[in-house]
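The values are calculated or read from the model by the stated rules, or taken from the named source; none is laboratory data. Keep in mind that what you see is a predicted model, and the values were worked out from it rather than measured. Using ideal geometry, Cβ is built from the backbone for each residue, glycine included, and neighbour counts are taken over all protein chains shown.
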Amino acid sequence: METNIDQNWTNEDGTHAGGVSTGIGYTISWQRGSLNEAGRNGAFLIEVLKSCQSQLSYFQNSKYKCEENEKALQHLQQSIQYLEARKNRRLDQGTLGTTKPDDV
């Protein structure tokens, strides 16, 4: 039985204002505001994904190795690569650490 609670908050101007994700055994307080304006005050998605990647890698190097874990690990690695590419693009554009939306 899942008992996850996820809350995402939005400022009056429509920008993301952090949030909380919680379940049995974990609580994540997400970054509130941009790094430039608010400083470091919460978790970033890429960090949480890297922790999940580490845990799955641990299982894949143990007696719990399986095909499903390997597939999940591959998808986590791909997700991390996409988020790293986004971070690098925003760095190049001078928008990393701001609330300026992506020009997509």
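Overview of results
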item: So GLN60, is it modelled with pLDDT of 95 or more, polar (S, T, N, Q), surrounded by 13 or more Cβ atoms within 10 Å (Cβ to Cβ) and more than 20 Å from the chain's Cα centre (by Cα); result: yes
item: Selected residue (only one of ALA43, ALA85 is hydrophobic (A, V, I, L, M, F, W, C), at pLDDT 95 or above and loosely packed, with under 13 Cβ neighbours inside 10 Å); result: ALA85
item: Hey, SER21 under 14 Å from the mean Cα position of the chain (by Cα), exposed (fewer than 14 other Cβ atoms within 10 Å of the Cβ) and polar (S, T, N, Q) or not; result: no
item: Single condition SER34 does not satisfy, out of (1) in the same structural domain as ARG86 (by TED's automatic domain parsing); (2) touching a Ser or Thr at 6+ places or on another chain (Cβ under 6 Å); result: (1)
item: Selection within segment 21-49 - farther than 22 Å from LEU76 by Cβ and part of a loop (DSSP other than H, G, I, E, B); result: ARG32, GLY33, SER34, GLY39, ARG40, ASN41
item: Qualifying residues in segment 24-40 (those that are touching a strand residue (DSSP E or B) at 6+ places or on another chain (Cβ under 9 Å) and β-branched (Val, Ile, Thr)) - the one surrounded by the fewest Cβ atoms within 10 Å (Cβ to Cβ); result: THR27
item: All positions within segment 30-82 that are free of Cβ contacts under 8 Å to residues at least 40 places away in the same chain and of a type in the set (D, E, K, R); result: ARG32, ARG40, GLU47, LYS50, LYS63, LYS65, GLU67, GLU68, GLU70, LYS71
item: Residue list for segment 69-102, filter: at positive phi and under 17 Å from the mean Cα position of the chain (by Cα); result: GLY97
item: Yes/no for ARG90 being touching a His at 6+ places or on another chain (Cβ under 9 Å) and free of Cβ contacts under 8 Å to residues at least 24 places away in the same chain; result: no
item: Qualifying residue in segment 13-20 (condition: among the aliphatic types (A, V, I, L, M), out of contact with any Lys or Arg (no Cβ under 6 Å at 6 or more places or on another chain), under 21 Å from ALA85 (Cβ atoms) and part of a strand (DSSP E or B)); result: no
item: Qualifying residue in segment 94-101 (condition: out of contact with any Pro (no Cβ under 9 Å at 6 or more places or on another chain), in a helix (DSSP H, G or I) and over 19 Å from GLN31 (Cα atoms)); result: no
item: From THR27, THR3, THR10, residue being within 14 Å of the chain's Cα centre (by Cα) and hydroxyl-bearing (Ser, Thr, Tyr); result: THR27
